[in-house]
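Undergrad: Pasting in a structure now, in structure tokens, and then I'll have a few things to ask.
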Amino acid sequence: MGGFCLGIPLQGYAGPTAPPEPELRDLLLRSVDAADSFEHPYDAEVWLLDMSSRLSRIVPSDAERLELLRMVHAEARRAKLSPELVLAVIEVESRFDRFAISVAGAQGLMQIMPFWLKEIGHPQDNLFIVQTNLRMGCTILKYYLDREKGNLVQALARYNGSLGRLEYPGKVIEVLNKRWYRG
């Protein structure tokens, strides 16, 4: 085996085993250049390529997928959260449907309740705007994680409004470990 893909050795790599199409390579390079939440461009390249391959079945558009991943990483880092944890929450909450609405009325990728917009004095904001939804969701999740002194199960239960029950935290942790975990 061997060879390189965007400077990443292919041997032992869990992502694509052939060089990407030129259009995908260009999209990835633009995403890397725009990803200022990474310490080094190489880190952005590796993370975006890895997570993009994992998300490709759910979000088929290369451009949409890379832009979403770049925003998730930036908002997660801003809130001092693991981007992989945020991806797991999004998968469980909305299956990456930015227009999802729960039976309780929660909206968007991270399923934010609309009352928060009025609470923070931004009733004109739109929870279907990805960056708005991610910013609010990451901030809320980080608040609960801090409040629970790092106890992820308790924080996830608070985030979901299911404190005292383990079903939701269990789902998020399972998805985190199966699809998004980076060793």
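Undergrad: Just name the residue that is surrounded by the most Cβ atoms within 10 Å (Cβ to Cβ) out of those in region 92-103 that are more than 15 Å from the chain's Cα centre (by Cα) and without any contact (Cβ under 8 Å) to a residue 24 or more places away in the chain.
TA: The residue in question is Ala100.
Undergrad: Let me ask something additional. Does any residue in region 168-183 that is touching a residue at least 12 places away in the same chain (Cβ under 8 Å) and part of a helix (DSSP H, G or I) come within less than 6 Å, Cβ to Cβ, of a residue that is open to solvent by 30 Å² or more (accessible area, probe 1.4 Å) and of a type in the set (Lys, Arg) six or more places away or on a different chain, and which pairs are these?
TA: Arg179/Arg54
Undergrad: Follow-up. Can you name every residue in region 119-139 that is under 23 Å from Glu67 (Cβ atoms), charged (D, E, K, R) and open to solvent by 60 Å² or more (accessible area, probe 1.4 Å)?
TA: Across region 119-139, the qualifying residue is only Arg135.
Undergrad: Among the residues of region 140-178, what is the count of those that are closer than 26 Å to Asp50 by Cβ and either touching a Cys at 6+ places or on another chain (Cβ under 7 Å) or open to solvent by 70 Å² or more (accessible area, probe 1.4 Å) (or both)?
TA: Result for region 140-178: 4.
Undergrad: Do the conditions hold for Leu163, that is, is it assigned to a helix (DSSP H, G or I), at negative phi and aliphatic (A, V, I, L, M)?
TA: It is false that Leu163 is assigned to a helix (DSSP H, G or I), at negative phi and aliphatic (A, V, I, L, M).
Undergrad: Restricting attention to region 39-81, which residues are farther than 17 Å from Leu134 by Cα, open to solvent by 20 Å² or more (accessible area, probe 1.4 Å) and assigned to a helix (DSSP H, G or I)?
TA: Hits for region 39-81 are Pro41, Tyr42, Asp43, Glu45, Val46, Ser53, Arg54, Asp62, Ala63.
Undergrad: Separate question: Can you spot a residue in region 106-118 that is open to solvent by 30 Å² or more (accessible area, probe 1.4 Å), part of a strand (DSSP E or B), free of Cβ contacts under 8 Å to residues at least 60 places away in the same chain and more than 22 Å from Gly170 (Cβ to Cβ)?
TA: For region 106-118, residues open to solvent by 30 Å² or more (accessible area, probe 1.4 Å), part of a strand (DSSP E or B), free of Cβ contacts under 8 Å to residues at least 60 places away in the same chain and more than 22 Å from Gly170 (Cβ to Cβ): present.
The values are calculated or read from the model by the stated rules, or taken from the named source; none is laboratory data. All values derive from a computational prediction rather than experimental measurement. With ideal geometry, Cβ positions are generated from the backbone for all residues, glycine too; neighbour counts draw on all protein chains shown. Surface accessibility is based on the protein's heavy atoms, side chains included, excluding ligands, DNA and RNA. Shrake-Rupley method; radii C 1.70, N 1.55, O 1.52, S 1.80 Å.
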